[in-house]
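Every number here is computed from the coordinates shown, using simple stated rules; none is lab data. If you're wondering where the values come from, they're calculated on a predicted model, not measured in any experiment. Cβ: placed from backbone, ideal geometry, glycine included. Neighbour counts: every protein chain shown.
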């Protein structure tokens, strides 16, 4: 049994691509920022990780406008609005399609993927897709959070003294993509679908984009991942920064958790103390102070860099 093709869509830099795998070793070669790391990350996140490992940054940037348009439509929806199924979002949901060549003697490994009872060996396909756990819950929770923001803005205006400018605050969420920036891992999950080998298409001859198989509107996900424990993904991470030294890795390992103290504090802050997550009027003072500190820091940073750039030289270097 061997993986023949990988088709990745709507994941980071990879809008739609097919990767043909050799029988022994496959090398991904390309310029920086061409998508090599995105391909490896897609394999790890879809095959090994939980949906909570996904972030908004894992979605293809070109789709953010579409996502915000959906959010705007949801905010204007009335009681007659029909909540769409996940299959209506296939044009932007991240997916990984695996096409595996198997013999009849390997049926017990891929029994959930065979297209029909006449199958005697050959290619079988499976789709991993990141999609909402519950569309109705996502719809309701997003509208609730947006209504809270609108109500809070009205309260701020009502409490602002006449003649004074109300504080400018970036209250969360501002849009559906802003909402997903915090809630994607909680509201989305990975589901698995059987694909039809008869509908496997060659990539577009001009663009080389993969032409993904379209699932039917009533396609049901598999109950579990039939490829669990059949595929391994091992990575040797590139050491790109000063903090990637072997000594640091060993030091972190001694602590048992593998996390730096700053990461642990950030996680605690996000979980328990973050006033930007579903704020109400009691968080106004904290949010105003945070906004003022950020503005002061940005202003100081801009001023510092401006003073370090003169005569075409940076960082105050002289002749």
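Below, the figures for the structure above:
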item: Scattering profile of the range 160-234 at q = 0.11, 0.21, 0.27, 0.28 Å⁻¹ [log10 I(q)/I(0), Debye over alpha-carbon scatterers]; result: -0.62, -1.11, -1.16, -1.19
item: Modelled FRET efficiency - R0 45 Å, residue 292 with residue 202, Cβ distances, 0.05 increments; result: 0.20
item: Contour minus Cα-Cα distance for residue 62 and residue 24 (0.36 nm per residue); result: 10.2 nm
item: Sites residue 157 and residue 211, calculated FRET efficiency, Cβ-Cβ separation with R0 45 Å, nearest 0.05; result: 0.30
item: Residue 52/residue 164 FRET efficiency (R0 35 Å; Cβ-Cβ; nearest 0.05); result: 0.25
item: Extended-chain gain in nm, criterion 0.36 nm per residue less alpha-carbon gap, residue 147 and residue 107; result: 9.2 nm
item: Per principal axis, descending, Cα span of the range 2-235 in whole Å; result: 79, 43, 35
item: Packing-based ranking, highest mean first, of 143-150, 180-187 given that Cβ atoms within 10 Å are counted; result: 180-187, 143-150
item: Average Cα contact separation per residue, the range 2-235, under 8 Å, 6 or more apart, as relative contact order %; result: 27
item: Highest-first arrangement of 19-29, 117-127, 3-13, where packing means the average Cβ count within 10 Å; result: 3-13, 117-127, 19-29
item: Residues 108, 88, 209, sorted so that the one with the fewest Cβ neighbours within 10 Å comes first; result: 108, 88, 209
item: Compactness index (Cα Rg / 2.2 N^0.38 Å), the range 1-135; result: 1.26
